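These notes concern the structure reproduced below.
Please treat every number below as a calculation from the coordinates, not as lab data. The structure presented is a predicted model; accordingly, all values stated were derived computationally and were not measured. Because the Cβ atoms are built from the backbone with ideal geometry, glycine has one as well, and the counts that use them run over all protein chains shown.
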Amino acid sequence: MKRMILPLLLALSACTPPVPISAIAPAQIASHTTADDIAIRSAEQAYKLSRTIIELGVDSGLLKGANATKAANIDNQAYAALTAARTAYAAFNSPGLLSAASQLSIFADQVQALVKGTVK
């Protein structure tokens with residue numbers, strides 16, 4: 001059963017809505033690079049996957065007490081990083097976007113370590 005959950009979560013996390021582009025100058029739109037698009041999609045997916053893993057961990061009893069509290073703190077930090085990534089993407093701030101996406105990756109690794117029981 002555990003072997004089926006991760007591929008399912010990965011497939012579900014690929015379903016992200018497109019970022020709306022309102023009245024933005026064509027030059028600004030062109031300044032978005034493929035790396036920006038990949039970074040925002042990766043950030044969204046990393047957060048969704050981490051959040052789902054935390055929820056499943058709590059529901060299944062893998063995360064209890066202090067570990068559940070740690071997971072909640074990591075989730076709050078990850079959501080703040082996702083918000084920063086969304087803001088940077090909307091502002092065409094590539095360095096800020098890549099920094100926030102990198103932070104999200106770190107938080108996703110922390111969630112994985114917490115669920116595996118390798119966090120002290």
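Taking every pair of alpha-carbon atoms in region 29-78, give the share separated by more than 14 Å as a whole percent. The partial results should precede the final answer.
Working: 723 of 1225 pairs.
So the portion of pairs separated by more than 14 Å is 59 percent.
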> So what J values fall out for region 103-112 if you push phi through Karplus, 6.51 cos²θ - 1.76 cosθ + 1.60 with θ = phi - 60°, rounded to Hz, Gly and Pro as x?
Replying inline: 4, 4, 4, 5, 5, 4, 5, 5, 5, 4
> Can you pull the three principal axis extents for the Cα set of region 32-116, in Å, largest first?
Replying inline: 43, 17, 16
> In region 29-98, which trypsin sites (Lys or Arg not before Pro) are in a loop and have at most 16 other Cβ atoms within 10 Å, using DSSP for the loop call?
Replying inline: Lys64
> How much length, in nm to one decimal, is gained on full extension between Ala66 and Phe92, taken as 0.36 nm per residue of separation minus their Cα-Cα distance?
Replying inline: 5.5 nm
